[in-house]
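Single-structure report; data block below.
The values are calculated or read from the model by the stated rules, or taken from the named source; none is laboratory data. Every value quoted in this text rests on a predicted model; they were computed, and no experiment measured them. Here Cβ is always computed from backbone atoms with ideal geometry, including for glycine, and neighbour counts include all displayed protein chains. Keep in mind that these areas ignore ligands, DNA and RNA; they rest on the heavy atoms of the full protein, side chains included. Shrake-Rupley method; radii C 1.70, N 1.55, O 1.52, S 1.80 Å.
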Amino acid sequence: MQEKEIVIIGAGYGGLRAAEHLCKKSQFHITLLDKNPYHYMQTELYGYIAGRFDMSDIAIDLESFTRGLGENVTFVQEEVVDIDAGAKEVVGRQKRYRYDYAILAAGAQTNFFSFIEGLREHTHGVKSIQRAFAFRQAFEKRLADKLQNKTFHRAGDLHIAIAGAGLSGVEIAAEMAYTLKRYEKILAQCSKRLMISLIDAAPTVLPGMDPYLIEKAHRRLEALGVQIRTEAFIEKIDARSITFRDGSEVAFDFIIFTAGIKAADLTEKLDTPKNSTGQIIPNDALEVKGYPGLYTIGDVTQIFDSSGKILPPTAQIAEKSAAYVADRINRQETGTSCKPFDAKMDGIFIALGGKYALGILYDKIRVEGYLAYILKKIITCFYRMGLEIKVNAGYRKRNLPSR
Ligand SMILES: Cc1cc2nc3c(=O)[nH]c(=O)nc-3n(C[C@H](O)[C@H](O)[C@H](O)COP(=O)(O)OP(=O)(O)OC[C@H]3O[C@@H](n4cnc5c(N)ncnc54)[C@H](O)[C@@H]3O)c2cc1C
């Protein structure tokens, strides 16, 4: 039987899961493309920024990983710039890749809204490792300066602002505040107070999430000393201050923006229905309209649950949509039918500093504190272990002496 070519665009949570499923069939040859040489574990970012984890906890080498998957998978570091539906080719900066099936898994990026003056110029996102690294350094520098009791350029508190109190903003604020608490005995001697604030235009933190999570997270953040500022519409940001719609101003030393995402730039090139954030609106089998054989998964896709509600972009849904598409491609090859994609969240866990987390499972079971922390840790460890087994196998293959 002739090998079928499958090209996966993006090696995030969805792309890797799709490759893992498809590589089990020897009649497929899979080419995994990513503009970076590593897989970025964004869900662990909060611990990296606060100095609890290091780079090797959030990045996985893709060359070793794909070698570990098997002979029928190839990784190419490549930026994809277009998809040619007629020729069935993925267009990269270096070359074109013919496909029988392709999977768009290019994820999302920070949406620096143009209606907020100065946002793009003066804030940092966290959707890339380089930006996360810059933020970690800035945080560590503030801690070191405070330890030295340095005189700062301006009177008043040192202020790290996080604009966006969704899942990522809340996790980062909580972990940083927890780190500060741990250092309190030493740092309390110093004259300046290091303040962390969490800002959102919505009336609560974690907008749209279950009221249980909202209330508990709010309390935990307050207990950690995070200044919460909700219903705060940012109008303008300059190098040192935020101006709100009500005219008030707050000075900051460093700011990150976690309030919005939009689909990867590549979607702009595709002539298919999209929503206002550029996410592809596929058919109910996650196929991109007007692009036969091209599927779309994860954050780059608008996905509804069974009640018709748009699901927030999560690693969990990226992996589930990947498993569905891999199965669908298998079934297409064997001529068996396949049901539409049924997106369902099993639950959610939120890390809230140290060994404390919150979670809801299957809409019913609520967990809090150390137990939730352990459950979240187990989920992450399983994910990480699965990747590491392949990375280790691939690393050994790469380093075997040639005969
Ligand atoms: C701080 C933070 C905390 C989070 N916490 C959680 C959590 O606790 N639980 C949860 O479920 N989700 C969480 N998320 C969300 C989760 O990380 C995303 O939903 C998930 O990464 C989406 O997976 P994906 O495969 O669609 O995209 P991504 O993981 O973003 O991967 C996309 C990949 O595509 C590549 N790419 C993009 N454009 C191109 C191109 N043109 N050419 C080649 N390659 C390209 C990128 O380099 C990237 O590797 C969190 C996100 C953040 C930022």
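Structure data summary
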item	result
Cβ-Cβ under 7 Å pairs, at least 6 apart or on other chains, segment 24-44 side under 20 Å from residue 80 (Cβ atoms), far side within 8 Å of the ligand (Cβ to nearest atom) and open to solvent by 50 Å² or more (accessible area, probe 1.4 Å)	35/79
Sole residue being at pLDDT 90 or above and more than 14 Å from the ligand (Cβ to nearest atom), chosen from 360, 350, 389	389
Residue in segment 26-33 that is open to solvent by 10 Å² or more (accessible area, probe 1.4 Å), modelled with pLDDT under 95 and either under 27 Å from residue 173 (Cα atoms) or more than 9 Å from the ligand (Cβ to nearest atom) (or both) present	yes
Failed item, numbered, when residue 62 is tested on (1) modelled with pLDDT of 95 or more; (2) open to solvent by 10 Å² or more (accessible area, probe 1.4 Å); (3) of a type in the set (A, V, I, L, M, F, W, C)	(2)
Among (1) surrounded by 20 or more Cβ atoms within 10 Å (Cβ to Cβ); (2) away from the ligand (no atom under 15 Å from the Cβ); (3) assigned to a loop (DSSP other than H, G, I, E, B) - the single one residue 11 does not satisfy	(2)
Residue count for segment 70-99, restricted to those that are in contact (Cβ under 8 Å) with a residue 24 or more places away in the chain and either in contact with a Phe, Trp or Tyr (Cβ under 9 Å, 6 or more places away or on another chain) or of a type in the set (Val, Ile, Thr) (or both)	12
Residues within segment 59-81 that are more than 10 Å from the ligand (Cβ to nearest atom) and not in a strand (DSSP E or B), tallied	10
Evaluation of residue 49 against (1) open to solvent by 20 Å² or more (accessible area, probe 1.4 Å); (2) touching a Lys or Arg at 6+ places or on another chain (Cβ under 6 Å); (3) within 14 Å of the ligand (Cβ to nearest atom) (one fails), failing number	(1)
Only listed residue being in a helix (DSSP H, G or I), acidic (Asp, Glu) and under 19 Å from residue 332 (Cα atoms), chosen from 44, 20	20
Residues of segment 305-335 that turn out to be among the hydrophobic types (A, V, I, L, M, F, W, C) and away from the ligand (no atom under 16 Å from the Cβ), as a count	1
Set 87, 106, 102: member being in the same structural domain as residue 269 (by TED's automatic domain parsing), aliphatic (A, V, I, L, M) and more than 24 Å from the chain's Cα centre (by Cα)	87
Answer from 298, 290 - the residue that is in contact (Cβ under 8 Å) with a residue 40 or more places away in the chain, open to solvent by 20 Å² or more (accessible area, probe 1.4 Å), over 19 Å from residue 124 (Cα atoms) and small (Gly, Ala, Ser)	290
Hits in segment 243-287 (condition: surrounded by fewer than 15 Cβ atoms within 10 Å (Cβ to Cβ) and acidic (Asp, Glu))	246, 249, 265, 268, 271, 284
